[in-house]
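This report concerns only the one structure given below.
The values are calculated or read from the model by the stated rules, or taken from the named source; none is laboratory data. This structure is a prediction, so every number in the text was calculated from the model and none was measured. SASA here: full protein model, heavy atoms, side chains in, ligands and nucleic acids out. Shrake-Rupley method; radii C 1.70, N 1.55, O 1.52, S 1.80 Å.
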Amino acid sequence: MATTTVAIPKLKGGAFLIETRAPEEIFTPEDFTAEHRAIAKTTDEFFSKEVAPHLEEIHHQQHAVAAGILRKSAELGLTAVVIPEKFGGMEMDLTSMMVVAEGVARDGSYSAWHGAHTGIGTLPLLLFGNANRRRDICRGSQSAS
């Protein structure tokens, strides 16, 4: 007798905190794709090579240093993970964006720079800006200007 396997959809978010769920229903880092792991590795290498050596300068508000590092992050695509390709982004999933956010969160100061650029600066213009502004901001995501 053949058995049918039904794939249980993975839950994302905090629902598991207030609902009864089986462990296999909860999305965890073990569920990352090879692409997610590659992004995590890229982000980790970027942080170790570009951010960590300059933390003292960032913490002492040397804005040119932080902005320069942010430009390097943009060159790698780390500031445009969820931006559509037609605007110069990588058009990846939210999990990919969270992998990057976790990777840069090792330092609150740099993380604030990175998060402000991607969240406060880029996304509102992408979502609410006219076509010219969206094109301009996504060019900005790649150059972090």
Can you compute 3J(HN,Hα) from phi for each residue in segment 115-122, using the Karplus curve 6.51 cos²θ - 1.76 cosθ + 1.60 with θ = phi - 60°, rounded to whole Hz and x for Gly and Pro?
x, 5, 5, 6, x, 7, x, 6
Just read off the accessible area of LEU126 with the full protein assembly in place, 1.4 Å probe, to the nearest 10 Å².
20 Å²
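So for HIS59, HIS114, what's the accessible-area order with a 1.4 Å probe, most first?
On the way: HIS59 90, HIS114 5 Å².
Descending accessible area places them as HIS59, HIS114.
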At 1.4 Å probe size, with no ligands or nucleic acids counted, give the accessible surface of GLU85 in Å², nearest ten.
120 Å²
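Looking at the square roots a ≥ b ≥ c of the eigenvalues of the Cα gyration tensor of segment 32-145, which shape do they give, rounded for a/c under 1.5, prolate if a/b is larger than b/c, or oblate?
Details: a/c = 2.09, a/b = 1.23, b/c = 1.70.
Since a/c reaches 1.5 but b/c is at least a/b, the shape of segment 32-145 is classed as oblate.
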